[in-house]
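The values are calculated or read from the model by the stated rules, or taken from the named source; none is laboratory data. Note that the structure is a prediction, hence the values are computed from the model and not measured. FYI the Cβ positions are ideal-geometry reconstructions off the backbone, even for glycines, and counts take in every protein chain you see. These area figures cover heavy atoms from the full protein model, side chains too; ligands, DNA and RNA do not enter into them. Shrake-Rupley method; radii C 1.70, N 1.55, O 1.52, S 1.80 Å.
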Amino acid sequence: MIDPTPAPGFSQPFTLGPAALAEHLAKGGATVFPTDTLPALGSQPHAAAQIWRLKQRPEGKPLILMGADAEPLFAALHQPLQSAWLEMAGRCWPGAVTLVLPASGPIVEALQPSAPKQGISLGLRIPACASALDLLRRTGPLATTSANRSGEAPCRTPSEVAAVFSGLPILAPLPWPSMAGQASTVLRWLPGGGWEVLRRGAVVPINGAP
């Protein structure tokens, strides 16, 4: 595993190709990679604790699970699937929409260690970004969040990532594909059924959500 400890004075992007980066992640490392919205800071779910350390924020802030295919994302919920979830995922993925759904089991516990044992949920997303999808197919679903220090603006370019997370490997090749520069829209499934818009982001309001 590559040591993500910042190297003093180092601000040039440190890049790895998708195969090498997938190996780094499999060994428990972290990375930043482009998506269709903003760059994502990610790791394997079992190694997610380092993300809070890198962001310098408490574990109470949840992470989302990002993947290349819907099946492993839904499997991570450990919940009976509802047709409305599948329908919304089919309409929105790949794309800039995060679906927050009821969840239980080891992955949601790893991504939300401070959450209560009952009534917890997990955000899921498939990004519309070819380079991100290539990496995610190699790694399986990753624990992700925006690439920034807590309370600061999200990084938008490889050079900004290098300045904040110096020495952390990022996905090659450069330049990265263009991104919306705005966070994803977040829809939460309500306990009684139906969708609630938690954040109006890169996607305009969706039919079926208020």
Can you name the number of the only condition in (1) buried (at least 19 other Cβ atoms within 10 Å of the Cβ); (2) touching a helix residue (DSSP H, G or I) at 6+ places or on another chain (Cβ under 6 Å); (3) not hydrophobic (A, V, I, L, M, F, W, C) that residue 59 fails?
(1)
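For every residue, the table says whether it meets (1) under 11 Å from residue 66 (Cα atoms); (2) over 12 Å from the mean Cα position of the chain (by Cα); (3) modelled with pLDDT under 95.
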| residue | (1), (2), (3) |
| --- | --- |
| 90 | no, yes, no |
| 102 | no, yes, no |
| 109 | no, yes, yes |
| 114 | no, yes, yes |
| 120 | no, yes, yes |
| 123 | yes, no, no |
| 126 | yes, no, no |
| 129 | no, yes, no |
| 132 | yes, no, no |
Condition check for residue 15: closer than 20 Å to residue 152 by Cα and either touching a strand residue (DSSP E or B) at 6+ places or on another chain (Cβ under 9 Å) or free of Cβ contacts under 8 Å to residues at least 40 places away in the same chain (or both):
no
Tell me which residues, restricted to segment 50-75, are over 13 Å from residue 123 (Cα atoms), in contact (Cβ under 8 Å) with a residue 24 or more places away in the chain and among the hydrophobic types (A, V, I, L, M, F, W, C).
51, 54, 68
So which residues in segment 74-96 are in contact with a helix residue (DSSP H, G or I) (Cβ under 8 Å, 6 or more places away or on another chain) and open to solvent by less than 20 Å² (accessible area, probe 1.4 Å)?
74, 76, 77, 85, 89
Condition first: touching a residue at least 40 places away in the same chain (Cβ under 8 Å) and more than 19 Å from residue 25 (Cα to Cα). Can you find one or more residues in segment 106-113 that meet it?
yes
Looking at segment 3-93, what helices (runs of 4 or more DSSP H) fall wholly within it and have at least 2 residues that are under 12 Å from residue 142 (Cβ atoms)?
18-26, 70-75
Would you check if residue 31 is surrounded by 22 or more Cβ atoms within 10 Å (Cβ to Cβ) and in contact with a Cys (Cβ under 6 Å, 6 or more places away or on another chain)?
no
In segment 106-159, anything under 22 Å from residue 20 (Cα atoms), open to solvent by 10 Å² or more (accessible area, probe 1.4 Å) and part of a helix (DSSP H, G or I) is listed as 130, 131, 133, 134, 137, 138, 139, 158, 159
Cross-chain or 6+ apart pairs with Cβ under 6 Å, segment 126-145 first and under 22 Å from residue 49 (Cα atoms), then open to solvent by 20 Å² or more (accessible area, probe 1.4 Å) and in a strand (DSSP E or B)
144/64
Please specify each residue of segment 160-172 satisfying the condition of being surrounded by 23 or more Cβ atoms within 10 Å (Cβ to Cβ) and either of a type in the set (Lys, Arg) or in a helix (DSSP H, G or I) (or both).
161
